[in-house]
Amino acid sequence: MEKQKITEDMLKYDELNKTDEAIRDEYAKCPEKIAFNKAYEKYKEIFNERIGFSSHISNQINALKSYEEALENYISAINNLGEQVEKCEDTSELELLELKIQDLDKKKNQRFYELKKYENESARLKKYLDSMNEQLKLAGQNYLIKEEEKKNKANEYKKKLLPYTNQILELEKKLPKSFVEKYKKLKGEGTGKKTYNRISTYNKDRGTCECCGNMIRIEVEEILTEIGDLTECPNCGRFLYLKD
Ligand SMILES: [Zn+2]
């Protein structure tokens, strides 16, 4: 980095950004925001649980249908055999038919028993689904309330931030583009990696950067000869200037 001079505007820009970020951090930690996040998580949790549960119930209903169909098939097969019995005059064939009917009747009863079991289980599941829907409704109402509270708080913070945001934008028009770009990078814009104390001073006695504490290379030392000289720390990447 070339040598520049630190200006009042640069230091002011730094101060304004710090205040701006402190207000944003305060908002991120405010009870309204936390309560909203919790309400949202809760709602999402029940919502997802219900989706899973609904598909479970529809499987259950399909199974129930197939049991009902099987039962109907047995009943009509038994009826058919009953008609054959009425027409039958051969004793040995009649015995055979009776046996078949008995066998089918046993199977039919089994299906009937299974169907009842399924019906009970389905009724239980439906009841559970109802209670889940109720929970979801309450969680949804709570979510909306918390959202409203958060919105109000957000507006409050927006108003608080506005003067700083405006001043920051004004200064950005005046400051060197390279400075603003680098500053934003240190702030974590576009990278998400935030550096705190973006403007560091050079400790002439020790030959170190005050922020990272590292010894500064000779070439950098040569740049920082007069009070107010500004460059960049080769170790931590912060702005580095010589303070009186
Ligand atoms: Zn440094």
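FYI, it's all coordinate maths here, none of it is from the lab. As the structure is a prediction and not an experimental result, all values here were calculated from the model. In this analysis, Cβ positions are derived from the backbone assuming ideal geometry, glycine residues included, and neighbour counts consider all displayed protein chains.
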| query | How far apart, in nm, are the 7 Å Cα→Cβ label points at LYS177 and LEU94? | reply | 10.9 nm
| task | Any chance you could give the angle, 0 to 90 degrees and rounded to 10, that helix 177-187 forms with the longest Cα principal axis of the chain? | result | 50 degrees
| field | 0 to 90° range, to nearest 10: angle between helix 8-28 axis and the chain longest Cα axis | value | 20 degrees
| query | With each label point set 7 Å from Cα along the Cα-Cβ vector, what nm distance links GLN60 and ASP205? | reply | 7.7 nm
| field | Candidate aspartates and glutamates - alpha carbon under 19 Å from LYS38, same-chain residues fewer than 8 apart omitted | value | ASP25, GLU26, GLU49, GLU134, GLU147, GLU148, GLU149
| remark: Among LEU94, TYR143, LEU171, the residue whose Cα sits farthest towards the positive end of the charge dipole of segment 21-174, when +1 is placed on the Cβ of each Lys and Arg and -1 on the Cβ of each Asp and Glu, is LEU171
| query | LYS42: which lysines have alpha carbons under 28 Å from its alpha carbon, excluding same-chain residues fewer than 8 sequence positions away? | reply | LYS29, LYS33, LYS126, LYS127, LYS137, LYS146, LYS150, LYS151, LYS153, LYS158
| task | Quick one: angle between helix 91-174 and the longest Cα principal axis of the chain, in degrees between 0 and 90, rounded to 10, please. | result | 20 degrees
| remark: Restricting to lysines and to Cα separations under 18 Å from LYS108, and discarding same-chain partners fewer than 8 apart, the set is LYS65, LYS100, LYS116, LYS117
| Whole-Hz couplings from phi, Karplus 6.51/-1.76/1.60, listed for segment 37-52; x for Gly and Pro | 4, 5, 4, 5, 4, 4, 4, 4, 4, 5, 4, 5, 4, 5, 4, x
| field | Whole-angstrom gap from segment 15-59 to segment 191-244, using each part's C-alpha centre | value | 40 Å
